[in-house]
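Visitor: Quick one: structure below, then a few questions.
Any read-out appearing in this document is the output of simple, stated calculations on the displayed coordinates, not a laboratory observation. Just so you know, these numbers come straight off a predicted model, no measurement behind them. Cβ placement follows ideal geometry from the backbone for every residue including glycine, while neighbour counts extend to all protein chains displayed.
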Amino acid sequence: MCGIVAAVGTDNVLPILMEGLKRLEYRGYDSAGVALVQAPGRLGRAREVGKVAALEQALVAAPLTGMTGIAHTRWATHGKPSQDNAHPHMSGRVAVVHNGIIENHLALRAELMADGFVFTSETDTEVMAHLVERELQRSDSLLQAVERAVARLEGAYALGVIDAEAPDRVIGARQGSPLVVGVGDHGCYLGSDPLALLSVTDRFIYLEDGDLVVVNQGGCTVHGLAPDGTRQEVVREVMRFEHDDLAVGKGEFAHYMLKEIHEQPVAVANALEGRLGADRVLIEALGPQARELLADTRQVHIVACGTSYHAGLVARYWIEELAGVPCQVEIASEYRYRQVVAPPGTLFLALSQSGETADTLAALRHARRRQGDDAYIGSLAVCNVPGSSLVRESDLSLMTHAGPEIGVASTKAFTTQLTALMLVTLALRQVRGGDPELTARLVHRLRYLPTLLGDAVALDEEIRGIADGLASHRHALFLGRGSQMPIAMEGALKLKEISYIHAEAYAAGELKHGPLALIDETMPVVALAPMDDVREKLNSNLQEVRARGGELLVFADPESGVVAGEGVTVVNVPACCHYLAPIVYTVPLQLLAYYVAVARDTDVDQPRNLAKSVTVE
Ligand code: G6P
């Protein structure tokens, strides 16, 4: 998704802006640009379609310098990827970068054109540049002009604005799209994601909706919006971003995705850290009100998008079986637009790696609005990004501690989400007085989970060896049963996201109700066969595939009874209890997708058309 970086420093800020853009590359984009105040009254701008490297090259040919600047990576929403549509957009002395969608841009465009402004792009953003330019003619300051301009906007935005005549400042604005201020020793910055600024600071102010901020060399001033629409200067807390900067690099790995797959044993250990007692989950570690909220919970509504949605689907099996609590899981973009019946005592559980996914946030806000009417008793965010909107707006939050995830295809964020959801499940079970022996056994197994994941990651070589066989196919089917069904969905999603092979997942029992018609020697079938109550039934499903010439690739427990043979490749997955098997079986499917994508020479970390964090609807 689009990314913003802005800086006001004591030296040329171009290197900081370019480093920031590179750090945002993982979010997915199609063009990039930068604008700097080169001298009072003079703006310089460069924009290129494609990667940040293309912009970098353009800047070698025609360098820009300045101590104040804004930069942007764009993921097209209004208008195709092109140089004209790339940000920053300019109007006279003003340049603007924008994330989000301005919903009333057509009306504003017509109004501005009638006023004589000439548009050079198809974007919604350009209206903002002209609005500020127009307001500057009747305002005392850039801040006032931006304030008046944003008052005209409907929709979602994070904005960075510079003015050639006010070379010492950048104005930022936030409404519905994330924006942080980075407070450094030699300057002050704006970023749509703190990761963009980690090379210059680890101190951040997370702006709130409605905030305007004036950023200059020495610091910043935040102007908050009161409920009555008036503005006043406010003090927002400066928070330290805990990180290991090395974790942001690729290290010895060819891609971030491979690195992040290999990080899973440590990431899951971090997700468990401090949350397990000898034989139970430490509910207090989930937050001071957690015990009360979980005790009052009568059912759970899990809402998420993409990979996070798959984690939610697994959790439904756990929450219903281990805690006896009814659980419903829904894609956020559906949930928020239908008349959901939330019976009294509904816990709203929002699941998101980034904590900024527009649909998930909107669903949370929708639920919170109804919290007073007795249906929803509270909200719990399971999230990887501290300080994100989802975390700030939920009653309770459980951080997954995966560390920065850069590859667009989610890996360690997913397995740590599952781990966190197992903790929530066991906490729900404990407050309901479920048999403590099984709880204790699961707690013991959770402690051993990082080791198991290490064994699963060690399948790397073996899976690399079989990936070529799949790489030449155009389609693939993934089969699983029970809590492995969502893992089959996740395996199919990983494959299509990064290798562009069309892949579908089916509950193995559904095979004969339609998809069996697709099976012939050109349709590889990937199946998950852990030790569970339905393994005999799964074996029968696999026979049905073999009998029709389908090639099978089975990830199986060593004791599952699935035998390799002609047309049947078996990869033995480390033996594990069936509750935790979904977490363990995820790893070989990630590796499979990864090596198939490598064999097909795709852009693994930044697959085409996709974005890491989808902050528009
Ligand atoms: C995008 C990403 C996916 C992610 C989904 C939900 O589509 O490409 O990897 O699963 O958003 O993101 P979230 O941050 O809410 O988990």
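Visitor: In debye, nearest 20: dipole of segment 206-330 around its Cα centre with unit charges on the Cβ of K, R (+) and D, E (-)?
Guide: For this selection, approximately 140 debye.
Visitor: Quote the relative contact order of segment 383-497 in percent (integer), defining contacts as alpha-carbon pairs under 8 Å separated by 6+ residues.
Guide: Relative CO of segment 383-497 lands at 14 percent.
Visitor: Counting pairs of alpha carbon atoms under 8 Å apart in space and at least six apart in sequence, what relative contact order in percent does the chain give?
Guide: So the answer I get is 12 percent.
Visitor: Still on this structure, I have one more. Per residue, how much space in cubic angstrom lies within the convex hull of the C-alpha atoms of the chain?
Guide: Dividing the Cα hull volume of the chain by its residues yields 156 Å³.
Visitor: While we're on this one: Could you pull the Cα extents of segment 286-349 along its three principal axes, largest to smallest, in whole Å?
Guide: Answer, in whole Å and largest first: 30, 23, 22 Å.
Visitor: Antiparallel as a % of all DSSP beta bridges within the chain, to the nearest 5?
Guide: Expressed as a percentage, antiparallel bridges in the chain total about 60.
Visitor: Now, a different point. Sort ASP202, ASP296, ASP520 so the one with the fewest other Cβ atoms within 10 Å of its own Cβ comes first.
Guide: Neighbour counts put them in this order, fewest first: ASP520, ASP296, ASP202.
Visitor: A follow-up question, please. Looking at this model, which pairs from LYS51/LYS259; LYS259/LYS494; LYS51/LYS496; LYS259/LYS612; LYS512/LYS537 are more than 18 angstrom apart at the alpha-carbon?
Guide: Going by Cα-Cα distance, LYS51/LYS259; LYS51/LYS496 fall outside the 18 Å limit.
Visitor: Further question on the same structure: Could you tell me whether segment 86-157 comes out rounded, prolate or oblate from its Cα gyration tensor? Rule is a ≥ b ≥ c as square roots of the eigenvalues, rounded for a/c under 1.5, then prolate if a/b exceeds b/c, otherwise oblate.
Guide: rounded
Visitor: If you find the alpha carbon centre of segment 358-389 and of segment 153-173, how far apart are they in angstrom?
Guide: Spelled out, the Cα-based centre of one part sits 29 Å from the other.
Visitor: Per DSSP H run of at least 4 residues, take -39500 (n - 2.57); add these up for the chain, divide by its residues and hand me the 222 nm value, nearest 500 deg cm²/dmol.
Guide: Only helices count here, giving -10500 deg cm²/dmol.
Visitor: Give me the net charge for the shell around SER560: Cβ to Cβ below 11 angstrom, other residues only, Lys and Arg +1, Asp and Glu -1.
Guide: Neighbourhood net charge equals -3.
Visitor: Another question, if that's okay. With viscosity set to 1.002 mPa s and temperature to 20 °C, compute the Stokes-Einstein D of segment 126-210, Rh being the Kirkwood radius across alpha carbon pairs; µm²/s, no decimals.
Guide: D = 158 µm²/s.
Visitor: So, by mean Cβ neighbours within 10 angstrom, what's the order for 359-372, 175-188 with the highest one leading?
Guide: 175-188, 359-372
Visitor: In what sequence do ASP605, ASP168, ASP11 fall when counting other Cβ within 10 Å, fewest first?
Guide: Fewest-to-most Cβ neighbours within 10 Å comes out as ASP11, ASP168, ASP605.
Visitor: Right, next: How large is Rg/Rh for segment 180-323, to two decimals, with Cα atoms and a Kirkwood Rh?
Guide: With Rh from the inverse mean 1/r over Cα pairs, Rg/Rh is 1.05.
Visitor: Can you check how the C-alpha radius of gyration of segment 258-416 compares to 2.2 N^0.38 Å, as a plain ratio?
Guide: Computed over Cα atoms of segment 258-416, the ratio equals 1.00.
Visitor: Return the FRET efficiency for the residue pair ARG445, HIS513: r is the Cβ-Cβ distance, R0 is 25 Å, and the value is rounded to the nearest 0.05.
Guide: Plugging the Cβ-Cβ distance into 1/(1 + (r/R0)^6) gives 0.10.
Visitor: Oh, and also: For the peptides 484-493, 462-471, 399-408, what is the packing order when you average, over each peptide's residues, the other Cβ atoms within 10 Å and list the highest mean first?
Guide: Result, highest mean first: 484-493, 399-408, 462-471.
Visitor: Now for a different question. Mind jotting down the distance between the C-alpha centroids of segment 522-568 and segment 580-617, whole Å?
Guide: Cα centroid to Cα centroid, the span is 23 Å.
Visitor: Same structure again: For labels at LYS537 and HIS475 in the simple 7 Å Cα→Cβ model, what's the distance in nm?
Guide: Between LYS537 and HIS475, the label points sit 2.5 nm apart.
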